[in-house]
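The values are calculated or read from the model by the stated rules, or taken from the named source; none is laboratory data. Keep in mind that what you see is a predicted model, and the values were worked out from it rather than measured. Positions of Cβ are backbone-derived with ideal geometry, glycine not excepted, and every protein chain shown enters the neighbour counts.
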Amino acid sequence: MAQQQTLARQQQQGPWWAEPLQGVGAAFQGMQRNMQRFADGLARPGPPGASLQASVTLAASPAASGQLRPGSSSTPRHLDAAALHASSSSSSSSSSKQQHGSKPTSKEDLGRATWTFLHTLAAQFPEHPTRQQQRDARQLIDSLTRIYPCADCSKHFQELVRRDPPVVSSGRDFAVWMCRTHNAVNRRIGKPSFNCDLVAARWAPLDCDEHNSCDMTLGHKR
């Protein structure tokens, strides 16, 4: 009796595969309704490209992309892009200034640094230099007449060297020549001259920590 009742219920409910097929059919009917609505929307009269423009506007809006949060600004995206470009340009300009130095080197600072180097070199120049050291000293002075960063200064220095070539036969002679040339430059720019007899007291050799580490005579051949 119980088996008959169970069989009767199964016959009323239908076969086991009937329920899944009903679900598929319902889904297919839903797809048909959506397609019909889409077709009705295309057929509805309106300005050319209105639907496409609305879709693009909606897709590009902050609300559609999830970028607009409560309390956030609703500034148009093209304005945000302009602000971002301006910020990027400002950062690039600031970075460029940092790379090249915010304050350029003045001719006065360059001149003082150059003369410090030259007088230190002359003060440390060997009293009995090798032929190679004499050639190096002359070539150094000659190169400054061509590649010194200040063109006007370089031209004037070239004239001085042509009239009074560097004397590199000894450390004392080289130091006096350097002082004499420096005085010629000072007269041109209205500065006082220095007594070259006191050159050794004014410009001393390089201060070195280790013994003989600054001796220019070491390791040189004639």
* Can you name every residue in the range 109-140 that is farther than 14 Å from V167 by Cβ, among the polar types (S, T, N, Q) and surrounded by 12 or more Cβ atoms within 10 Å (Cβ to Cβ)? -> T114, T120, Q124, T130
* Among the numbered criteria (1) at positive phi; (2) in contact (Cβ under 8 Å) with a residue 12 or more places away in the chain, which single criterion is violated by G190? -> (2)
* Structure fact -> Sole miss for P205 among (1) over 25 Å from T105 (Cβ atoms); (2) modelled with pLDDT of 95 or more is condition (2)
* Asked: Mind checking which residues of the range 187-211 are surrounded by 15 or more Cβ atoms within 10 Å (Cβ to Cβ) and within 42 Å of the chain's Cα centre (by Cα)?
  -> W203, P205
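Quick one: count up the residues across the range 127-152 that are of a type in the set (V, I, T) and within 33 Å of the chain's Cα centre (by Cα).
Going through the range 127-152 one residue at a time, the tally reaches 2.
For the range 122-136, which residues satisfy the criterion of being part of a helix (DSSP H, G or I), in contact (Cβ under 8 Å) with a residue 40 or more places away in the chain and over 17 Å from A201 (Cβ atoms)?
Across the range 122-136, the qualifying residues are R131, Q132, Q133.
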* Structure fact -> Of those in the range 147-179 that are in a loop (DSSP other than H, G, I, E, B) and of a type in the set (A, V, I, L, M), the residue surrounded by the fewest Cβ atoms within 10 Å (Cβ to Cβ) is V167
